[in-house]
1. Restricting attention to region 138-157, does a residue exist that is buried (at least 17 other Cβ atoms within 10 Å of the Cβ), without any contact (Cβ under 8 Å) to a residue 60 or more places away in the chain, part of a helix (DSSP H, G or I) and of a type outside the set (A, V, I, L, M, F, W, C)?
2. Quick one: Val179 ticks every box in (1) under 28 Å from Ala262 (Cα atoms); (2) touching a residue at least 40 places away in the same chain (Cβ under 8 Å); (3) surrounded by fewer than 18 Cβ atoms within 10 Å (Cβ to Cβ); (4) of a type in the set (Val, Ile, Thr) except a single one, so which number is it?
3. Return the residue satisfying two criteria in turn: it lies in region 260-294 and is of a type in the set (Gly, Ala, Ser) and surrounded by 15 or more Cβ atoms within 10 Å (Cβ to Cβ), and of such residues it is nearest to Glu218 (Cα to Cα).
4. Hey, could you check region 102-125 for residues that are part of a loop (DSSP other than H, G, I, E, B) and small (Gly, Ala, Ser) and say which is surrounded by the most Cβ atoms within 10 Å (Cβ to Cβ)?
5. Evaluate region 246-259: report whether one residue or more is aliphatic (A, V, I, L, M), within 26 Å of the chain's Cα centre (by Cα) and crowded, with 19+ Cβ neighbours inside 10 Å.
6. Can you pull out the residues in region 226-238 that are among the acidic types (Asp, Glu) and surrounded by fewer than 12 Cβ atoms within 10 Å (Cβ to Cβ)?
7. In region 182-204, which residues are surrounded by 14 or more Cβ atoms within 10 Å (Cβ to Cβ) and of a type in the set (Ser, Thr, Tyr)?
8. With respect to the numbered conditions (1) at pLDDT 95 or above; (2) surrounded by fewer than 16 Cβ atoms within 10 Å (Cβ to Cβ); (3) of a type in the set (Gly, Ala, Ser), which one is the sole condition not fulfilled by Ala223?
Amino acid sequence: MGRVASATGPNVRCSAAFPIDAKHAGHLKGAATKHVATPECRMCRRNPWGNELGGNELGALPGRPAWRRAARGTFATGCWRTVTIQGMKTANGTATPATKPGLEKKAVAAFLRGVNVGSGNPIRMEKLRAICGSLGLEDTITHVQSGNAIFLTKETNLEEITDELETTIEAECGFHSSVVLRTVSDLEAIVAANPFEGRPDLNPSRLLVTFLYKDPGEEAREAVRIVDTLGEELFAQGRELYVYYTNGVGKTMLKERVLNKALGTMGTSRNWNTVTKVLELATALENGTTSAPK
């Protein structure tokens, strides 16, 4: 166990001692193995999914390494103050942009799941750009309202960026949205692998690409390929699922949950127009031929 940082301040309603594992010190965003709770802090009593915590040890949250579980369980703007570590966001402050000498900035696209659907999970694109900027992600641009952001970063650990985005969106917007990241090379490969390429009657609004949270593996891909698609056309490749809805997405009888069960993972979908436009924007941003809105 490495150094210990304390979090207190005039706007802090609870205090904490953060034992920082030296291995994860560079990942810190309020990361802690224990949090000293106070009754008036709702985030001391509840985890992000609304479940009561069984005591003060937020490291008990399931499914994540301790430093991430703790960051998820304690992050609440105005509740406590973190120390500033280069490249990471402070709870009551600003980010210090990560610097990685010798690495070029690469464009990365972030796809948010389930935002701005009807009246549910609303987030303005200006807000999303501001969140990306607060995490040290540079020159963020957005496309349409379905939660598509493209930014520049030298960070090569995309899992870390994903976790930061999900945590900050939840803290600042009040809902959880899972995030999937793809690089320019990822998007190029996705477009190149389009199984419907060359079809003369293709309606791009009916072709959806699902960006999966993880590679499901070949066994799961084989399982989804034999699902009764009820007239739709489906191809599974790598971390993506291509589905062509012959009569349009709104008229399909094919349920997403059936595909998720076969794959053993979930994802977020975009139509072909959005996929190709995001690739175009990401390529231009990486090449320096477009810039973020002022």
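1. No.
2. (3)
3. Ala262
4. Going through the qualifying residues, I end up with Gly114.
5. yes
6. Asp228
7. If the condition is that a residue be surrounded by 14 or more Cβ atoms within 10 Å (Cβ to Cβ) and of a type in the set (Ser, Thr, Tyr), then Thr183 is the only one that fits.
8. Going through the list (1) at pLDDT 95 or above; (2) surrounded by fewer than 16 Cβ atoms within 10 Å (Cβ to Cβ); (3) of a type in the set (Gly, Ala, Ser), Ala223 breaks only (2).
The values are calculated or read from the model by the stated rules, or taken from the named source; none is laboratory data. Remember, predicted model here, so these are calculated numbers, not experimental data. Cβ atoms come from the backbone with ideal geometry, glycine included; neighbour counts cover every protein chain shown.
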